[in-house]
1. Does B:A730 fit the bill of being in contact with a strand residue (DSSP E or B) (Cβ under 6 Å, 6 or more places away or on another chain), in a helix (DSSP H, G or I) and at pLDDT 95 or above?
2. I want to confirm something. Restricting to the stretch A:583-597 and keeping residues that are touching a Leu at 6+ places or on another chain (Cβ under 8 Å) and within 7 Å of chain B (Cβ to nearest Cβ), which single residue is surrounded by the fewest Cβ atoms within 10 Å (Cβ to Cβ)?
3. Restricting to the stretch A:518-546, count the residues that are within 34 Å of the chain's Cα centre (by Cα) and surrounded by fewer than 18 Cβ atoms within 10 Å (Cβ to Cβ).
4. Looking only at the stretch A:310-352, which residues are of a type in the set (D, E) and in contact with a Gly (Cβ under 9 Å, 6 or more places away or on another chain)?
5. Say whether the condition of being under 27 Å from A:G243 (Cα atoms) and either modelled with pLDDT under 95 or surrounded by fewer than 24 Cβ atoms within 10 Å (Cβ to Cβ) (or both) is met by at least one residue in the stretch A:746-765.
6. Of the conditions (1) farther than 23 Å from B:I254 by Cα; (2) surrounded by fewer than 21 Cβ atoms within 10 Å (Cβ to Cβ); (3) out of contact with any Phe, Trp or Tyr (no Cβ under 6 Å at 6 or more places or on another chain), B:V164 satisfies every one except a single condition; which number is it?
7. Looking only at the stretch A:206-264, count how many residues are closer than 24 Å to A:T277 by Cα and within 24 Å of the chain's Cα centre (by Cα).
Protein chains: 2
Amino acid sequence: MMPDYKHIGRSVPRVDSRARATGEVKFSGDLIFPRMLVGKVLRSPHAHARILNIDTSRAERLRGVKTVVTGRDTAGVKWGVFPYTRDMQMLQIDKARYIGDEVAAVAAVDEDTALEALRLIDVDYEILPGVFTIDEALADDAPLVHEDYPGNRNVEVNIDVGDVDEALEKSHLVRTDTFIAPEDDYFMGEPYAVVVRPDTDGNLEIWCPNAGPHMKSKPLSNVLRLPLNKVKVRKVAIGGAFGGRSEISPADFICSLMALKSGRPVKIVYTREENTTCVRQGHGMVTKHITGMDRDGRVTARSSISYLDGGAYSSTGPIAVSVPFLCHEQTYRLDNARFHGVRVYTNKPVRGMIRIHGRSFAAGVDMQLDMMAEELGLDPVEVRLINARRPGEYTATKSYVGSCGLTECVEKTVERSDFKKKHGKLPPYRGIGLGMNSVQTGFPLGIRGGSQAIIKFNEDGGVTIISGVVDNGQGNDNMLVQIAAEELGLEMTDIELITADTEVTPNDPGSYSMVTTFAGGNAVRLAAADAKRQIFEVAAEKLEANPADLIAADRKVFVKGSPDRGLPLAKVLRMALIQGRPILGQGSFSPKVDHRREWVSNPQGQLSEAFSFGATVCEVDVDPETGLVEVLDVWAAQDCGFAINPMVVEGQFEGSVAMGGQGGMLTEFHSWNDGRCLNTTQLEYKVPLAVDMPPIDPIIVETIDPSGPYGAKEAGMSVAMSAAQAYACAIANAIGCWIKEFPITPDKIVEAIEHKKRGDFDSNG
Amino acid sequence: MMPDYKHIGRSVPRVDSRARATGEVKFSGDLIFPRMLVGKVLRSPHAHARILNIDTSRAERLRGVKTVVTGRDTAGVKWGVFPYTRDMQMLQIDKARYIGDEVAAVAAVDEDTALEALRLIDVDYEILPGVFTIDEALADDAPLVHEDYPGNRNVEVNIDVGDVDEALEKSHLVRTDTFIAPEDDYFMGEPYAVVVRPDTDGNLEIWCPNAGPHMKSKPLSNVLRLPLNKVKVRKVAIGGAFGGRSEISPADFICSLMALKSGRPVKIVYTREENTTCVRQGHGMVTKHITGMDRDGRVTARSSISYLDGGAYSSTGPIAVSVPFLCHEQTYRLDNARFHGVRVYTNKPVRGMIRIHGRSFAAGVDMQLDMMAEELGLDPVEVRLINARRPGEYTATKSYVGSCGLTECVEKTVERSDFKKKHGKLPPYRGIGLGMNSVQTGFPLGIRGGSQAIIKFNEDGGVTIISGVVDNGQGNDNMLVQIAAEELGLEMTDIELITADTEVTPNDPGSYSMVTTFAGGNAVRLAAADAKRQIFEVAAEKLEANPADLIAADRKVFVKGSPDRGLPLAKVLRMALIQGRPILGQGSFSPKVDHRREWVSNPQGQLSEAFSFGATVCEVDVDPETGLVEVLDVWAAQDCGFAINPMVVEGQFEGSVAMGGQGGMLTEFHSWNDGRCLNTTQLEYKVPLAVDMPPIDPIIVETIDPSGPYGAKEAGMSVAMSAAQAYACAIANAIGCWIKEFPITPDKIVEAIEHKKRGDFDSNG
């Protein structure tokens, strides 16, 4: 039976809703400081060019220009995710490697002056031939993006578990399919903006969108060669992250540099074009799956090869290489598995992390399972279930999976959608598809560490949570407040938050890799429990009771079962204060993982303390004339462990279907011309709007993970990924052929239908 | 032998010096926020008047006026120090009780508009007769300032220890003298200013000079009827406190009210006149000492009666009533003591706390001792020493005195000044005098509680101290940094401070009642020790050592005696982070006092955990023609326990001589005309400037108090008070007669010399 919670497990409006709804909330771009300068970045117009000379003298002489910086003003520290390739300077000196690469920057008293100054910077380029696709990059005589990376191969990951060759050989059926997906774009509502305010002691205050302030301060401290104490990343409202905002932007560095050089606050706000081309996005990816299956539909082995288009620098990309594989080895039982991932440099914008990892990998796996089920005459749901992860198992790379509600997710979506009645029995051009996925709640955090929280009390019973957790859209602030209110027996309005400030708040790994509720939520829960223990000690003396017999509820501390034998919390706090033992709670939580596990060189061992699982079913109607897909209904289920705020979890599901399915599989892609992005704006890159969205039936599955706070794990991402798979399978089911290049746009559908009518559609392509 | 400290006990430049020296530091009045309004207060032009009507309609209609408030806009909560008289509303409704009393206020887009709006507020007053002196207030038919306080008697304190009457009767010599002193003014360099910024959720951010942000937030929360979580008093630079800035100002309340009403930031900056008349200052005071002495100069008994002119409201004045007595019962052994203190209401500005408590009391005691020594033919130094407090004794009101270096202070000042060779042997109109005093390091703090500190680490070895301690001029920030650096084996530059913010920092009693080094310093020391314990645990595992054998120094942790068996602190911090046990230190300290002790109703029991002691010798040359006093030299000694930063301690001594002696005894006083202050500005109220100051020989005496951090107690205030006494005694010694009305201005000196020449000077007056 579930405990009787007062705050958690209930749908409550988010604590940050009011400021966002009224428009009062301040994002980085909204900040204004006296004497603040406008910063602008001069970017390479060439995809690949040697920088022969940069002459800033004319710009420097322009009235109103306060500082001009180039790579020569920097310590020349190269950035990249430790311990992988560090290949990027924040301002280029020798070469520009993509259209948009940072070459110089100015800070001036207003935007017009800054833009005029950019025009006055003279850069001599020697244009070099570039590589713009994975194939071009891997060609024998390809120009090198980085001279020290032969073959333009940035990072390669090899995983080989069991005996894949033997298992494939013994399989009843083996299929080989190649799936292709272009780059993903986050298209956050908030343009990237950074404000840096210096003081004369060389301290910097920094406001920018982030996935964890400590994730910004640490690399900035490194590239700026400043101690962490001087790099103070402050809390600010953030308009979306989606896996991005997780590493420093050159803008952070450039803005800091110009603030230090000018001694004045500097603000850089990206244009929409810069947001598209100069902010890290998801990788384009080509994946070949060779999958073996036995007669009953059980997968015997899978060998996957993925090539990722990483763009000009490594960014956080090395980590991204194996994530699609890992998500799938969590989702599907796989004793014999091989993965070869190669991240390739091209002269295109830089690719990093995104919330839907590897459309070509994920959708590929499920489409291929459907194809093989069809070939074997098996039910696609049964094929999914026979291969589905169950609790108490290990993944191929030796992660123990504790709580796991994947089967329940599949069963519930299938049942609610009437999948079995519909599949194969729908009218022509109507289809239904199922996808399933899994993500970890955090991974070996290395130097990112765990989360630590402090709980501080005012003597009137008010509480302040001090936590490094950042809320970049998913409701983390609310989650922390709900947990503290529950633990301490207070109302949510009694609780105030200080979060996401590297100066004030203790360490937190960032709202990234799905770890926040698990680590940050647990840290606050532990801090509250620590405070409660102290409160009970003080109260027990006065109440002449055993601390173990006390409970906290309704802003009071009282003896269990005797609500009249109690004291108001405020009174206990005052007693503690006067007695010289003021209450201060602290807690820290770090997921139990195998710290020897490593992304590239040693992908073995416990990846995460817990995993969430999701399944999505999608029903579509395709217009064979126009190729337009109407999504009729989506059923999205996730085992999130426990839903601390079901309303927020459901919101996460909705956003996940939008990102993973509706946008990711139907409309979103970039067009290129030799490294130049042709659709940089919201008019051209088709992110689904609220009006585009289908009805979504959110199904929360709760397995009460033993380590999560109240059993909570992660919410949303398993839906985002499984939605992509469901959409792809549903369209295939509707049109009767398999489109393996994503997104599945109307032109491809019309072409496939025509090919199919002509009988020349090659489903093995 | 003293331990070998690296940081403490050394004179180092203060961490806040640079910003102050460059002018970069921001005081409250310097703050600017977008859309900020200018607030101005309408004050009563009458010393005592009934408010018949306030018509704000014309002001409200003026373009640019955003809000107008009167007492009708308030919850009507009366303010006063708990548990004493709560007699003051922050905006008056029924009566105005002094010239300057708050009647209404406006916030407008600029100062001109705000001032014009004040002129447009129509107030109908019925002028009432007022009382302007203690005598007038106590007269039988005196008008009442507060109708519920008959006889205008605000608070009365009675202390009666031993058998005073019998002891006086048995005394060899009894003297009765009455000493008079006018009000003291702080004349801080910084004018009072407050800025309040509201948000739409009703949270207020407040910047104002303060003696502890929690001392502001708590009463503001009370009068505004807002939870403490919504009243966020922020850190800001403070230009002097001197015992003031310790309670809320009506300006804080009015500014908050107007910010809430207008929804915009509001700033109020006091004019210099408002600073003088509308900021609480020290009490005017009349004291009669009846002192008995035996043949050897030993004081047998003292009965003192003090009347304090409290002005129109009680403020923190009730506490001030007995402080001069308490300081002296700490300084001088006194088995038979009686004190009757009466705080009287008058129609004058409000009086509260100040750093030199009771010139008339303090200087009176020492002058009278000199008179009696002279009458008995005893050496004044010996009379001081025979009566001086010694360690291990109890005060009359039952406070145990542990460490006490009073005798050493007296002996050192006497020796360095050649007092004995000079006293009675100097040329005419040259004199030398000795004063001694004592103050407590904190007192029963009640709801103010103790101090609590958090120490947080960055993984590169940087440290952040989170403490509620405010630095309002005395070097507290530096003190905290020195202590943390010492404990943790770091450099001071590794340490950063977050202090004095009620939202972020835990409780602290405020930089007030001399408690900061003792409580706040100890809390930081304990927090650092707590962190060090955790650090040693982590390091000990790696070093295969016993944590007890480790020491922290030079940014490393190593085995005692084996500096090669060590780890950089940064490395240990990273190990702790990765191991999921990040380091966070906390400490709290509350002085051990008798919490049953109470200022008015029960002045018995342990007042403070430690007491500091000081002695000052002053040598003067008086010009008998002009009455001008030239101070030739000052020797100031204090037992401050341990000097954490000797340079700062010496600076405190210098400021103390300026405030207590040079200004307090020679030049500073206010002139009045029926409750109207005639000298409100710095041109007219003569605060000594640096060029006016005599040479000062600062003598630090260290008794290493067992409870103070490294033995430290309080620094400066015992000098401030003993300097007043030394100046008074020195002038008397120079001119050969006793001027008992302070300050001892040239006119009084010339008059006394003439009286003496005529033989009609009444030294018993």
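The values are calculated or read from the model by the stated rules, or taken from the named source; none is laboratory data. Worth saying up front: this structure is predicted, and the values here are computed from it rather than measured. Neighbour counts are summed over all protein chains in view; Cβ atoms, including those assigned to glycine, are modelled from backbone coordinates with ideal geometry.
1. Details: in contact with a strand residue (DSSP E or B) (Cβ under 6 Å, 6 or more places away or on another chain): yes; in a helix (DSSP H, G or I): yes; at pLDDT 95 or above: yes.
For B:A730, the condition - in contact with a strand residue (DSSP E or B) (Cβ under 6 Å, 6 or more places away or on another chain), in a helix (DSSP H, G or I) and at pLDDT 95 or above - is met.
2. For the stretch A:583-597, the residue satisfying everything is A:Q586.
3. Number of matching residues: 1.
4. So in the stretch A:310-352, the residues of a type in the set (D, E) come out as A:329, A:335.
The answer is A:D335, and nothing else.
5. Within the stretch A:746-765, the subset under 27 Å from A:G243 (Cα atoms) is none.
No, there is no match, as no residue in the stretch A:746-765 is under 27 Å from A:G243 (Cα atoms) and either modelled with pLDDT under 95 or surrounded by fewer than 24 Cβ atoms within 10 Å (Cβ to Cβ) (or both).
6. So the condition that B:V164 fails would be (2).
7. 32
Condition check ((1) assigned to a strand (DSSP E or B); (2) under 17 Å from A:K740 (Cβ atoms); (3) under 17 Å from the mean Cα position of the chain (by Cα); (4) polar (S, T, N, Q)) across all residues:
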residue: A:A301; (1), (2), (3), (4): yes, no, no, no
residue: A:S306; (1), (2), (3), (4): yes, yes, no, yes
residue: A:S315; (1), (2), (3), (4): no, no, yes, yes
residue: A:I319; (1), (2), (3), (4): no, no, yes, no
residue: A:H340; (1), (2), (3), (4): yes, no, no, no
residue: A:P349; (1), (2), (3), (4): no, no, no, no
residue: A:R355; (1), (2), (3), (4): no, no, yes, no
residue: A:A363; (1), (2), (3), (4): no, yes, no, no
residue: A:D366; (1), (2), (3), (4): no, yes, no, no
